[in-house]
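Each value in this text was obtained by applying a stated rule to the coordinates, not by laboratory testing. Because the structure is predicted, anything quoted here is derived from the model rather than measured. Reconstructed Cβ throughout: ideal geometry from the backbone, glycine too, with neighbour counts over all protein chains shown.
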Amino acid sequence: MNDLLRKQDLESNPTPRVPICLCLDVSGSMGRIVGGNVQNTGRREYHDGKWWNIVEGGITALQEMIGGVNLFYDNLLEDDVARYSAEICVVTFGGNSPELILDFANLDRQESERQQKISALEAHGETPLGEAVNMALDCLDTRKREFKDAGVDYFQPWLVLMTDGEPNGSTAELNRAISRTNELANNRRLTIFPIGIGEEADMNCLAKFSPKRPPLRLKGMNFKGFFEWLSASVSRTSQSMPGDKIKLDLDGLKGWADL
Amino acid sequence: MVKNPNEIQSEFLERCVRDCDRIFIDTCSFLEETMYDFFQNIVPILEREQKTVIVPLAVCQELERFANNPAECRKEHPDNPNLNKLAIHACETINVLKRANIVQIFADPDDKKFADNIFLYVFLKIRLKYNVLFITQDNGLAHDACDIFKDSRSVKGVKKILVCKIVKNGYLKNFSDDKPKKFPQPVKPSSENIPPNERFAFANEVVDIEGNLPVTKIPVEGEYVTAVRNGQTKQIRLIEEVGSGGEGSVYKTDFDGYVAKIYKPEKITRLRHEKLKLMLSKDINCEGVCFPLAMIHNQRNEFVGYLMRAASGKDLGKSVFMPMLLKKYFPKWNRVDTVQLCVTILKKIKYLHDRNVILGDINPYNILVVSPTEVYFVDTDSYQVEGFICPVGMPLFTAPELQKKKYGLRTLGNENFAVTTLLFMIMHPGKPPYAMQDGEGIVENIIKGEFSYPLGERKTGKVPQGPWRFCWSHLTYKIKEAFYETFWRDGMYHDEKNRPGTGFWLRLFEYYLKLLKNGTMTANDEESILIFPTRFKREKDKIYAKCKLCGKEFVEDSLEQGICRACLHDGEKYQCERCGGEIIYTNYQKYIKRAKRYKICRACFERTNTIFERRSCKDCGRTFEITYGQKEFFDAKGMSLPTRCEVCRKKPRPSPTVRHTPTTVTMPPRPTPSQPVEPPKKNGWCFITTAVCEYLGKPDDCFELTTLRNFRDNWLALQTGGKEEIREYYEIAPKIVEKLAASDEKDSLYEKIRLDYIEPCLEEILHGHNENCRARYREMVLMLKQKFSID
């Protein structure tokens, strides 16, 4: 994006920002069918640590997730305050390495890129979760630095970590990511939401990322419910002021997660 | 007869000198930009009055230290790039004035190390003997000096001291003019004039009543409820819910213009009921303040809520405080409107304060705006009356003394902080006063009183980036001063008890509104009417011009050939031919120096000029250097690196001959190498450049010097006549430098040498036009020779 516009957006908007990083699993297993009509092709393939039956048709877990993320954006754009307060960055993990899909920016400014890139996500490859979390934390750090340099107020960032399996990237990277999120969360410099998708998500591993709140398992494929709740929380936060204690409406969680 | 300001100042200066017995000057005043003007003004008076100025030796030593150590100046005072220059000038001035018997230097063997202490120490000794004029720029020192000259119980008959600072045009200003007496005392609310039936009492204790009231049915849409006040009742119908929150819901009613707030069952407490009873016992009636007007009971006569006037509009948080929404909802607003909005809001808050109602939780979401003159205050049931507190608040609007504490009884002083914050955020739409660059976070900044906006000379340089500094600049001085003194930790109004109230602010903002409406503000600067001005406010006695490139307005003197500094540094971006990195072809190069683009970036250029290897020449035995640039050149051509020096390489190589005769003849001894080139003196040819770089405060290994030395040793020395030229400069340059240093025009000369010669020379070298560089340098030496009549 144009540097000048980016700088202008940063400086001329006085609204305290809520930086949110979505760290999303797009490994091969996210391509599994979770609904819709399917036809077996009879082929079998090995991906992401397992054997899979190849089918035609149906709706994949990733497609459900994409729907949820787009809903999240749409809800925020409809809210007058959240629209100028929330800033989202999207990091995915699949293939062999994490990828920065969208960097932090004003939501309006991100809109056309978001429409192209989120829907074009594809499930493939491994689950380098540690690497992705580190990349996400780096992005958050950079953005925080930019806020400070410009004299822009911000809330402590949120990190949403979604996975349907267990990490199979570098162990060192995974441990580094875990210790970084723990330190940040314990010092109240990060709010982390680890979310397990489906029955095979490694909830023990997710728990290690979050010293204060246990990870949540998404009930069925209710991404919509989660992102509805998340956008409502962002809206509420954006109407408070930095320094206010943020009370997350955890009542809302019961509908969509197995606590 | 009206006197012009200069006459008044000149008379004041004369009086200062006449009325004192001894005059002292502090280091920091010597380092003022206007010090020169000051002496121009004071010397004739001193001569007439036959008085001298006393300078402690410690001050001279401090100035000397700054004058002789440019590096130290930069390190200790990075904020003052001119320090070294000013110190040199100050030392020179002292020398001249000492010779003229205008300055006397004093020292005792027991003088302490620091100049500041010296003054206080001397003043203590002489305070019974002499009236003193003390000139300093240092607030703290001024204050301490005044204290010494106060009568105390033990010491009587102390003489007078007048402490002044040097101001803009080289005159003096009395420090005590800056003192509190200039500040109008914050206005206390005028509750005495309010009839008792409108006025709440003061309370010292928090009312604490526990327990809920029984309620069997919470009324909903369509149902009837009863409004009750002073024994009168009225049946009204809840038509539809218009809003809901944590405490309950607000309903439109069939009583036109009035709405009912119905609490959730768990919020129907005895405390709330008692508070509302108290609120209803007084006649609070202010347009736009949606104060409780009657209790609401359900059909079983149980308390469930209260009746109030209907509000409308957009809350400040979702309109004025967001520039994009401000533009959307109030597209035609300008500064007249935001100032009018402040006046409207202040009048309502003043109405409440006069009646001892404290709003408590002032925040942008409970003030609704229809227009600059139509505003609604909602959530009034949380206001603090007597011992019923307002239990909530936003940290951003919370005074430093209440931060990180549980809210109890608030004072007017506490509340005035919130009011000031609100006003600031209307005038800088949405930007909190304590947002700053590199801040620790708003709450920490509030607690520490870290306010970053400037007032006159007082500034921190940490104002948030973006348009905010311009919003600030265009306010009236009085308003800036009041904000500054309230928010800055050492400000006159910073403490709870001193914070100005709504009456004070109302006067400032009403006056501001008048100036905006009658055109006084725009007569000085047409941007003063904008909510978001695009530049700083024009100063009255300066001439402004527009930058040729960006069209923005600047003080004329700051433009170079009509181009502003930002544009000079900016320019066209392109890639380095060598590393692909970004190079900027600055507008300075393009329009001022009219230079061509560099092909490679500075880093690459430096790299190509660093020495890769030193070798001895196979033929003549002299050491020669191969730079990275040369290495690349040979590598690219697939050639091995040369084994002979550049001079020998240019000589024709003897063609190999086959000797037919046996080599029985004794060979003559190998000739010793011809006289080697005089080893380059470090400062020889570059003497002048060195002087210029020193003057500019550049290190000895700066880019300019390294490049020119490299040029001298690796190119010029190898050219025909090169050595001679170097030798000639070596003899003449020291003379030039000496004259240069003593010259009256040295500032402009150094600048001229830099811009007209050294920079162009570097440029020529960068482009590989070594001959041009040589010519340009020769021209410079010639110019300086003629200038100083050196043969």
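Here are the numbers for the structure shown:
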| item | result |
| --- | --- |
| Cα long-axis angle, helix A:61-78 against chain A (0 to 90 degrees, to the nearest 10) | 20 |
| Averaged over B:463-471, number of beta-carbon atoms from partner chains that fall within 10 Å | 4 |
| Ranked list, fewest to most other Cβ atoms within 10 Å of each Cβ, for B:569, B:353 | B:569, B:353 |
| Residue B:702/residue A:5 FRET efficiency (R0 45 Å; Cβ-Cβ; nearest 0.05) | 0.80 |
| Along principal axes, Cα extents of the stretch B:687-787, largest first, whole Å | 37, 24, 20 |
| Computed over chain A: relative contact order in percent, which uses C-alpha pairs under 8 Å that are six or more apart | 23 |
| Computed FRET value (nearest 0.05) for residue B:643 with residue B:735, which takes r as the C-beta separation and R₀ as 45 Å | 0.60 |
| Kirkwood Rh in Å, taken over all unlike Cα pairs in the stretch B:272-390 | 15.4 |
| Average other protein chain Cβ within 10 Å of Cβ, residues B:442-448 | 2 |
| For chain B: relative contact order, % (alpha-carbon pairs under 8 angstrom, 6 or more apart) | 7 |
| In Å, descending, principal axis extents of the Cα set of chain A | 59, 36, 35 |
| Qualifying lysines (Cα of each under 26 Å from Cα of residue B:651; at least 8 residues distant if same chain) | B:618, B:631, B:637, B:723 |
| For the stretch B:395-426 and the stretch A:160-189, distance of Cα centres in Å | 39 |
| Estimated distance in nm for a label pair at residue A:37 and residue B:43, the labels positioned 7 Å out from Cα along Cα-to-Cβ | 10.3 |
| In nm, spacing of pseudo-spin labels at residue B:540 and residue B:129 (7 Å Cα→C-beta vector) | 4.4 |
| Kirkwood Rh in Å, taken over all unlike Cα pairs in chain B | 33.8 |
| For A:162, B:324, A:30, B:308, order by how many other beta-carbon atoms lie within 10 Å, fewest first | B:324, B:308, A:162, A:30 |
| Chain A: most fluctuating residue of A:91, A:38, A:152 per GNM, C-alpha cutoff 10 Å | A:38 |
| Cα gyration tensor shape of the protein assembly as shown, rounded if a/c is under 1.5, else prolate or oblate by comparing a/b with b/c | oblate |
| Extension gain from residue B:234 to residue B:755, taking 0.36 nm per residue of separation minus the Cα-Cα distance | 178.9 nm |
| Three-way shape label, the stretch B:212-310, alpha-carbon gyration tensor, a/c 1.5 | rounded |
| 222 nm mean residue ellipticity, helices alone, for the protein assembly as shown (DSSP H n ≥ 4; -39,500 (n - 2.57); rounded to 500) | -11500 deg cm²/dmol |
| Listed pairs B:217/B:252; B:282/B:350; A:7/B:546; B:478/B:540 exceeding 21 Å between Cα atoms | A:7/B:546 |
| Label point distance in nm, residue B:270-residue A:55, each placed 7 Å from Cα along Cα→Cβ | 6.4 |
| Peptide B:322-333, shielding by other chains (average Cβ, 10 Å cutoff) | 2 |
| Three semi-axes of the equivalent ellipsoid, the stretch B:5-182, Cα gyration tensor, whole Å, largest first | 25, 20, 17 |
| Net charge of neighbours whose Cβ lies under 9 Å from the Cβ of residue B:623, counting Lys and Arg as +1 and Asp and Glu as -1 | +2 |
